[in-house]
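The values are calculated or read from the model by the stated rules, or taken from the named source; none is laboratory data. Just so you know, these numbers come straight off a predicted model, no measurement behind them. Cβ atoms come from the backbone with ideal geometry, glycine included; neighbour counts cover every protein chain shown. For the accessible areas, the whole protein counts, side chains as well, though only heavy atoms, and no ligand, DNA or RNA atoms are used. Shrake-Rupley method; radii C 1.70, N 1.55, O 1.52, S 1.80 Å.
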Amino acid sequence: DVPSQPTLYDVTMGGKTIKALAQTTKMGYIFLLDRETGVPLFPVEERPVPQGAVEGDFTAPTQPFPTKPPPLIDTDFGPEDVWGLTPWDRNACRERLEGVRAEGLFTPPSTGGSIHFPSAVGGQNWGGPSLDPGRNVLVVNTLHMASLVQLIPRAECDAAAQRRVEDPHLKKFATLEPSEGTPYCDMRWVGFFSPFEIPCSPPPWGTIAGIDLVSGDKLWQVPLGTTRDLAPFPIWFIKGVPNTGGPMSTASGLTFIAATTDFYLRAFDTMSGEELWSARLPTGGHATPMSYQLPGGKQYIVIAAGGHYSFGTPPGDHIIAFAL
């Protein structure tokens with residue numbers, strides 16, 4: 001799933017300037033291509049992926065995997081990786097996985113349920129990456145959360161709809177999609193959460209990373225945000241939280257991003273990933289920051305802080321500007 005527009009850039013490799021593009025994906029992989037020819041700048045391998053689709057469906061035997069940049073998320077999430085704040089909710093997460101298929105990326109949907117990792121919101125999301133063309137660095141934020149997908153035979157869909165109404169956890173976190181024209185309806189969890197409404201996948205649930213566009217290597221990857229505003233005090237110590245919204249990089253070597261479930265706009269060193277500054281917002285800033293300059297040379301950073309219903313950040317209509 002391609003969640004955002006491609007990012008165009010020029011890069012010198014082997015003494016030749018290449019007109020290139022970077023494409024993020026909801027799988028957590030980034031494809032770097034020659035935008036004139038479509039040829040990958042680094043090898044892309046066709047690798048076998050899990051098989052065993054439900055009757056009447058089909059799967060491709062292989063999928064393309066870029067060798068560089070490295071994946072920004074470990075997609076092999078299974079029962080042994082389940083996390084919980086306490087043994088009780090960790091066991092509750094494990095119980096929800098009983099009978100569920102968990103075979104890594106591209107596990108086909110099934111009637112018993114399948115792990116969907118990354119979830120429907122990514123990997124990377126619609127915010128896209130930012131580019132520092134002077135330093136040949138791509139900066140991208142990533143989500144590390146699991147969800148569940150279950151195909152329900154058509155004859156059982158009414159019962160599943162009633163179950164969703166009666167179960168508060170399903171009502172809050174699952175949708176039942178009709179999938180008309182198929183033998184199934186589709187129960188889809190927006191997240192795989194414990195009874196405490198905490199992700200069952202281990203933190204960090206959100207990161208930001210810098211990619212060297214010349215070598216294809218990952219320069220750094222650090223947790224993005226904290227559980228402040230997501231959990232009650234004193235559970236503010238977990239680093240790396242759900243996020244949606246993009247970064248913006250400036251020529252001075254700074255990358256600004258909000259995006260998180262805590263109400264902050266942050267600045268990172270584009271080359272090292274060190275967090276240099278943060279400022280409190282009135283709610284979540286799930287937009288991409290912008291920068292502008294007025295006559296006289298003064299520069300500003302501006303962010304729309306409007307919240308997001310699916311991330312639990314309160315709605316708002318704030319436009320906040322900061323002077324550099």
State, to one decimal in nm, how far the label point of ASP1 lies from the label point of SER310, with both points 7 Å from Cα in the Cβ direction. 0.7
In the stretch 1-93, which chymotrypsin sites (Phe, Trp or Tyr not before Pro) fall in coil by DSSP and have 10 or fewer other Cβ atoms within 10 Å? PHE58
Residues of the chain: accessible area per residue with a 1.4 Å probe, Å²: 47
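Filter the chymotrypsin sites (Phe, Trp or Tyr not before Pro) in the stretch 133-240 to those in DSSP coil with at most 11 other Cβ atoms within 10 Å of their Cβ, and list the result. Write down the numbers at each step before the final one.
Values: sites: PHE173, TYR184, TRP189, PHE192, PHE193, PHE196, TRP205, TRP220, TRP236, PHE237; in loops: PHE192, PHE196, TRP205, TRP236, PHE237.
When the chymotrypsin sites (Phe, Trp or Tyr not before Pro) of the stretch 133-240 are filtered for loop state and at most 11 Cβ neighbours within 10 Å, PHE237 remain.
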Please give the Cα centre distance for the stretch 1-55 versus the stretch 263-324, rounded to the nearest Å. 29
Beyond 24 Å between alpha-carbons counts as too far, so tell me which of LYS26/LYS239; LYS26/LYS218; LYS19/LYS218; LYS239/LYS298; LYS26/LYS68 fall in that bin. LYS239/LYS298
Could you work out the relative contact order of the stretch 195-297, using alpha carbon pairs under 8 angstrom and six or more residues apart, expressed as a whole percent? 22
Simple spin-label estimate for ASP217 and GLU156 in nanometres, 7 Å along Cα-Cβ: 5.1
Within the stretch 252-271, the residues whose backbone N lies under 13 Å from a label point placed 7 Å from the Cα of TRP236 along the Cα-to-Cβ direction are 262-264
FRET efficiency for THR111 and THR67, using Cβ-Cβ distance with R0 set to 35 Å, rounded to 0.05: 0.50
Which parts of the stretch 285-299 would a label at SER252 reach, counting a residue when its backbone N lies under 17 Å from a point 7 Å out along Cα-to-Cβ? 289-299
With every protein chain in place, the stretch 166-324: carbon and sulfur % of accessible area (1.4 Å): 59
Of all DSSP beta bridges in the chain, what percent run antiparallel (nearest 5)? 95
Ignoring GluC sites (Glu not before Pro) buried by more than 12 other Cβ within 10 Å or outside DSSP loops, the longest site-free run in the chain is 181-273
